[in-house]
Amino acid sequence: MNTIPSTFDVIVVGGGLAGLSSAIHLSRQQLNVLVIEKNSYPKHKVCGEYISNEVLPYFNYLGIDVFALGAKKIDKFQLSTTKNKLISTSLPLGGFGISRFCLDHALEQKAIDSDVSLIQDTVDDVRFNNEQFTVVTKNQKQLKSKFVIGAYGKRSNLDVKLNRQFIKTKSPYLAVKTHVKGSFPNDMVALHNFEGGYCGVSKVEDDKINLCYITNFESFKAFKNIEEFQEKVIFKNTYLKQVFKTTTPLFEQPLTISQISFDHKKPIENHIIMCGDTATLIHPLCGNGMSMAIRSAQIASTLIVKFFNSEITSRDALEKQYLREWNTTFKSRLKVGRIVANLFNRPHLSAFLMKGLQWFPGILPQIIKRTHGKLMQIE
């Protein structure tokens with residue numbers, strides 16, 4: 001095994017979509033990059049696994065062909081309420097379905113091919129002093145870098161060390177994900193509401209169907225296990241009951257994560273540039289979290305490259321520019337996402353909203369547009 005150096009231009013904490021995308025981007029620009037990821041590849045993750053087509057130009061730049069990996073092209077959308085009212089529309093830009101197991105593995109291989117250093121370890125602390133970071137890992141490594149990108153996901157012990165505000169508040173949400181085999185349109189992503197949550201359904205590679213739902217943990221605790229919760233709550237939505245009852249599970253047990261927080265997060269903490277879910281979490285109801293992670297990686301990487309090329313002259317200027325671009329790109333999407341999620345968390349309001357959408361079907365594509373971006377531009 002090759003010995004890695006102790007000093008890098010950039011250290012990326014977390015090797016998911018944002019972390020690996022940024023690492024490949026930076027390495028292509030001749031920067032010395034290390035990714036520290038606590039898990040081994042490939043690994044299934046709790047995720048909706050639908051990505052907007054807005055990322056395709058950037059993936060092309062990174063050398064990732066999702067359709068060669070088996071991704072399903074998706075251009076149709078279905079939405080149902082807890083009262084089983086259904087509305088369908090086309091997706092303004094379209095997207096694709098691909099599993100995190102497949103996509104993260106492809107990005108890992110591309111990162112290795114791009115001379116990115118990767119280690120499997122857990123980051124215990126990140127310190128900043130005299131314009132340099134020291135990253136301390138569980139295996140007692142002390143690594144130095146000019147910049148650190150935080151791309152370690154929804155929550156981590158590192159958030160506690162950084163004294164981030166959101167980590168101090170207990171979050172009431174639980175997410176569950178599984179893959180199944182059965183019949184479902186290749187070109188559709190569906191979002192079905194049930195009391196206390198909602199479930200996304202879409203195809204990924206190899207004709208697998210991804211089922212991923214999020215619910216209030218207090219509602220879930222009233223039942224003895226996932227199976228009982230699904231039978232007594234989720235299956236009241238007849239569309240979800242049909243999908244679950246007529247398909248064959250591919251996982252021995254569903255994957256679960258808890259303590260999901262939708263509280264505001266700062267995109268920069270202690271000079272660490274946060275990307276993806278580490279910087280913010282859009283409600284799954286908006287179905288665009290993965291695209292936002294990839295876009296945030298591009299913004300951060302582009303600015304870091306400009307710094308090393310002396311186009312940006314100070315860390316302070318870089319951080320201010322990142323915050324400006326982050327807010328311009330995501331603030332409106334997040335606001336619309338919160339409004340939509342709040343509406344669907346209230347049964348009477350969601351029923352009223354669905355009637356409005358049925359009367360004026362052109363509104364739904366406009367809402368979708370407001371939570372998605374345009375095709376990413378390559379600088």
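The values are calculated or read from the model by the stated rules, or taken from the named source; none is laboratory data. These figures come from a predicted structure and were not determined experimentally. So basically every Cβ, Gly included, is an ideal-geometry build from the backbone, and we count neighbours across all protein chains shown. When the accessible area is computed, the model is the full protein with side chains, heavy atoms only, and any ligands, DNA or RNA have been set aside. Shrake-Rupley method; radii C 1.70, N 1.55, O 1.52, S 1.80 Å.
Averaged over its residues, the stretch 136-251 has an accessible area of 46 Å² per residue, based on protein heavy atoms and a 1.4 Å probe. Is the shape of the chain best called rounded, prolate or oblate, per the rule: a/c under 1.5 gives rounded, else a/b larger than b/c gives prolate, else oblate, with a ≥ b ≥ c the square roots of the Cα gyration tensor eigenvalues? The shape class here is prolate. Our helix-only sum for the chain, with -39,500 (n - 2.57) per DSSP H run of n ≥ 4 divided by its residues, gives a mean residue ellipticity at 222 nm of -9500 deg cm²/dmol.
For the residue pairs Lys181/Lys241; Lys181/Lys224; Lys203/Lys369; Lys154/Lys245, the C-alpha atoms sit more than 24 angstrom apart in Lys181/Lys224; Lys154/Lys245. The mean sequence separation of alpha-carbon pairs under 8 Å and at least six residues apart, normalised by the residue count of the chain, gives a relative contact order of 22 percent. Modelled spin labels at Phe360 and Phe67, positioned 7 Å past Cα toward Cβ, are 3.6 nm from each other. Considering only Leu250, Leu364, Leu62, the mean-square fluctuation computed in a Gaussian network model of the chain, springs between alpha carbons under 10 angstrom, is largest for Leu250. Within the full protein context, the accessible area of Glu311 is estimated at about 120 Å² for a probe radius of 1.4 Å.
Shape summary of the stretch 147-234, radius of gyration then Dmax from alpha carbon positions: 16.7, 49 Å. Relative protection proxy for 47-53, 192-198, 116-122, from highest mean packing down: 47-53, 192-198, 116-122 (other beta-carbon atoms within 10 angstrom). Relative contact order, whole percent, for the stretch 57-154 stands at 16, derived from Cα pairs under 8 Å and 6 or more residues apart. GNM remark for the chain: springs join alpha carbons under 10 Å apart, and the peak mean-square fluctuation among Leu26, Leu349, Leu17 falls on Leu349.
A Cβ-based charge dipole, computed about the Cα centre of the chain with Lys and Arg at +1 and Asp and Glu at -1, lands at about 1280 debye.
Here the stretch 144-293 has 50 percent of its accessible surface on carbon and sulfur atoms, given a 1.4 Å probe and all protein chains in place. Please work out whether the stretch 57-152 counts as rounded, prolate or oblate from its C-alpha gyration tensor, where a ≥ b ≥ c are the square roots of the eigenvalues and a/c under 1.5 means rounded, while otherwise a/b larger than b/c means prolate and anything else oblate? In terms of gyration-tensor shape, prolate. The aspartates and glutamates within cross-link reach of Lys83, meaning a Cα-to-Cα straight distance under 14 Å and a gap of 8 or more places when in the same chain, are Glu195. Listed values for the stretch 266-280 are Karplus-derived 3J(HN,Hα) couplings in whole Hz (6.51 cos²θ - 1.76 cosθ + 1.60, θ = phi - 60°), namely 8, x, 9, 10, 6, 6, 7, 8, 8, 10, x, 5, 5, 8, 6, and x replaces Gly and Pro.
Residues whose amide H falls under 5 Å from that of Lys45, counting only those 5 or more places apart or on a different chain, are Arg100, Phe101, with hydrogens built in the peptide plane. 3J(HN,Hα) along the stretch 106-111, derived from phi through the Karplus expression 6.51 cos²θ - 1.76 cosθ + 1.60 where θ = phi - 60°, amounts to 5, 5, 4, 5, 5, 4 Hz, with x in place of Gly and Pro. Is the stretch 9-120 rounded, prolate or oblate when judged by the Cα gyration tensor, a ≥ b ≥ c being the square roots of its eigenvalues, rounded requiring a/c under 1.5 and prolate requiring a/b larger than b/c? Prolate, since a/c reaches 1.5 and a/b exceeds b/c. Extending 7 Å from Cα along the Cβ direction at Thr329 and again at Asp207 yields two label points whose distance is 3.8 nm. Each label point was placed 7 Å from the Cα along the Cα-to-Cβ direction; for Lys181 and Gln109 their separation is 2.3 nm. When peptides 7-16, 31-40, 318-327 are ranked by their average number of other Cβ atoms within 10 Å per residue, the highest-first order is 7-16, 31-40, 318-327. For the peptides 266-277, 150-161, the ranking by packing is 266-277, 150-161, with the highest mean count of neighbouring Cβ atoms within 10 Å listed first.
Here Lys161 is the anchor, and the lysines within straight C-alpha reach of less than 16 Å, apart from those fewer than 8 places off in the same chain, are Lys138, Lys265, Lys266. Estimated at the nearest 10 Å², the accessible area of Met292 is 10 Å² with a 1.4 Å probe. Under conditions of 10 °C and 1.306 mPa s, the stretch 180-315 yields 90 µm² s⁻¹ as its translational diffusion coefficient, taking Rh as the Kirkwood radius over Cα pairs in the Stokes-Einstein equation.
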